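> Let me begin by handing over the structure; questions about it come next.
Any read-out appearing in this document is the output of simple, stated calculations on the displayed coordinates, not a laboratory observation. Keep in mind the model is a prediction, meaning the values are calculated, not measured. FYI the Cβ positions are ideal-geometry reconstructions off the backbone, even for glycines, and counts take in every protein chain you see.
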Amino acid sequence: MDELRNEIESLRSQLAEFDAANRQSQSTTSEHYQSQLLDSVQESVIGTNLDGDVTYWGRGAEHLYGYTPEEVLGKSITFIVEPEEERVERERMRQVFETGSWKGVYQQRRKDGTKFWASTIISLVTDKAGNPTGFIGIDIDITEQKQANEELDQLNLAIENAMQGISRLDREGRFIMVKPQYAAMLGYQPDELLGQSWTVTVPEDSQPLAREGYETMLREGRATAECRALRKDGSVFFKQLLLVKTFDARGERDGHYCFMSDVTKRKQAENQLREKEAQLAHVSRLSTMGELVAGIAHEVNQPLYAIANFAAVAGKKLENRHDELSQTLQELNRLVAEQAVRAGEIIRRLRAFVGKTDGVRSTLDMNAVIRDAVAILTPMTHVADASVRLELSPTPVVVHADRVQLEQVVVNLVRNGLEAVSGREPRRITVRTALDESMVRVSVEDTGIGVSEHARDKLFDAFFTSKQDGLGMGLSISRTIVEAHDGRIGATPRPQGGLVVHFTLPHAPGEPRSQAECDAGASRSTEASSANSSANRLPS
């Protein structure tokens, strides 16, 4: 019996040894299998104990970091980061110990010192009983991907800065992607435009231009176009479009991108530039006309002078005849002579007004300047069927100024008034003068429609005009002349409707010079100027 018991115990012992050996063999086989499996993975796989010392270093890790397993096994895993980042690395492992895993992107270091960006997953390893035994980490080099993303972000930023709004449309022209700025430019929220046709964002009369750009994009792959855009509230602005055709994975067209910029300010500037160029061309034509008028006036003055002389001779012949026919002829002859003199006076004033002078200043009676300026505008006054009333100071209001320039100011103001009263009742212009302390005040009042407060603020700016065919230069030139004479000019609304333009000039006590004296001074100045010009042209 004892011998049998001993045999049984021996068999049990052998069986236990066999079982232990079998389990060891299975474990070794399993570990070898797992090692082969992990080594076949291209990504870096690293195992550590709970202290962070390397216990497994896969082939992917060897390739990524440049270390062999013999170089790193047993070392702290912190060698894969910069020394100043070791504390952060240990903090990650602490988080994994508490939460079971960690995922993120951070910069790591290779054996040769180069750095790269890695996408990392760290997991906690436990035994069968669930007790933590270490960590396993998987790292993927995403440096190229990150650089590509950064370049793409920079490209997107550049595009968004260059083209303020971005959207994408399908083959039927319906919005399938709308960036917030694109929607905001049109007064929408992005989701309000999704599924809608592009036609809701373009006025009907501008849609042919947009369609033309669309057709070009279909043919050539991309196109630019400019047209008006329609906001949700019905207001419009000018937009520039860049259309780029898009394709699906099979290479078939699936829609297009639309990049949009607001170019309203640029379009306004271009329009203003064209207007200014047209206005300057008009000014040039007016300058040429002024020279022509001066030449014509000179030529017409000679026959007028002859008519006046012939009328005087005829008058002498008729003086001694007293029959009824002779008296009638004498009266007609007087009227002819009178009108010839009047025409000659108008010609003289025109020549003085358009003639070039060097700006001779003299002591003038402003009342006389106004009378001459209004006389120049007599034909225009008749055409406008308007009246020009003079309410001038009973005593001379004397200024020291250039007569021709002041006439130009008065002509500009009265002419503007005549244009303002066109089609109105009553059609009346009133010109007043007064001495206000040490200043001579001149005002030109019209019964027209007046101007808005906004327009009054810009009334004297160059090229500003409220008239369709206006140059916008008359009041600007008038301000320049008045201010050059140490004066001030402004405009106020007329209470009953219309406008009052007024200017002041320093009063200059003394006797005013006559028109003839002014003309003589101007003539001497012109002759001196011509002589100087001739002298300047002589060879040295």
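> As an exercise, use a Förster radius of 45 Å and the Cβ-Cβ distance of residue 49 and residue 219 to find the FRET efficiency, rounded to the nearest 0.05.
Working: r = 67 Å, r/R0 = 1.48.
Result of the calculation: an efficiency of 0.10.
> Between residue 254 and residue 310, what is 0.36 nm times their sequence separation minus the Cα-Cα distance? Round to one decimal in nm.
Numbers: separation 56, 0.36 × 56 = 20.16 nm, distance 9.26 nm.
Result: 10.9 nm gained on full extension.
> At R0 = 41 Å, how high is the FRET efficiency between residue 207 and residue 116 if r is their beta carbon distance? Nearest 0.05 is fine.
Numbers: r = 53 Å, r/R0 = 1.28.
Efficiency for this residue pair is about 0.20.
> For 259, 503, which order do you get if you count the other beta carbons within 10 Å of each Cβ and list the fewest first?
Values: 259 21, 503 25.
Arranged by neighbour count, lowest to highest, 259, 503 become 259, 503.
> Once you charge only the Cβ atoms, +1 for Lys and Arg and -1 for Asp and Glu, what is the size of the charge dipole of region 206-269 about its Cα centre, to the nearest 20 debye? It would help to have the intermediate numbers written out before the result.
Values: 13 positive and 9 negative charges, 55 e Å.
My answer is approximately 260 debye.
> Going through the cross-link list 115/245; 146/179; 111/146, which pairs have a Cα-Cα distance over 32 Å in this structure?
On the way: 115/245 39 Å; 146/179 23 Å; 111/146 21 Å.
Long pairs (Cα-Cα over 32 Å): 115/245.
> Normalising by the residue count of region 171-238, find the relative contact order in percent from Cα pairs under 8 Å and 6+ residues apart.
Values: 81 pairs, mean separation 20.2, N = 68.
Reported as a whole number, the value is 30 percent.
> Note down, for region 163-266, the three equivalent ellipsoid semi-axes (square root of 5 times each alpha carbon gyration tensor eigenvalue), biggest first, whole angstrom. Numbers along the way, then the final one.
Values: eigenvalues 88, 49, 27 Å².
Values for region 163-266, descending: 21, 16, 12 Å.
> Here's another thing I want to ask about it. How long is the gain from residue 328 to residue 477 if the chain were fully straight, where each residue apart is worth 0.36 nm and the alpha carbon distance is subtracted? Walk me through the numbers on the way to the answer.
On the way: separation 149, 0.36 × 149 = 53.64 nm, distance 4.95 nm.
Taking residue 328 through residue 477 to full extension adds about 48.7 nm, to one decimal.
> Would you mind ranking 86, 299 by Cβ crowding within 10 Å, fewest neighbours first? It would help to have the intermediate numbers written out before the result.
Working: 86 16, 299 10.
The most exposed by this proxy come first: 299, 86.
> Can you give the FRET efficiency for residue 302 and residue 390, using 1/(1 + (r/R0)^6), R0 = 45 Å, r = Cβ-Cβ distance, to the nearest 0.05?
Details: r = 32 Å, r/R0 = 0.72.
The computed FRET efficiency comes out at 0.90.
> May I ask you to compute the full-extension gain from residue 496 to residue 269, defined as 0.36 nm times their residue separation minus their alpha-carbon distance, rounded to one decimal in nm?
Roughly 78.0 nm would be gained on extension.
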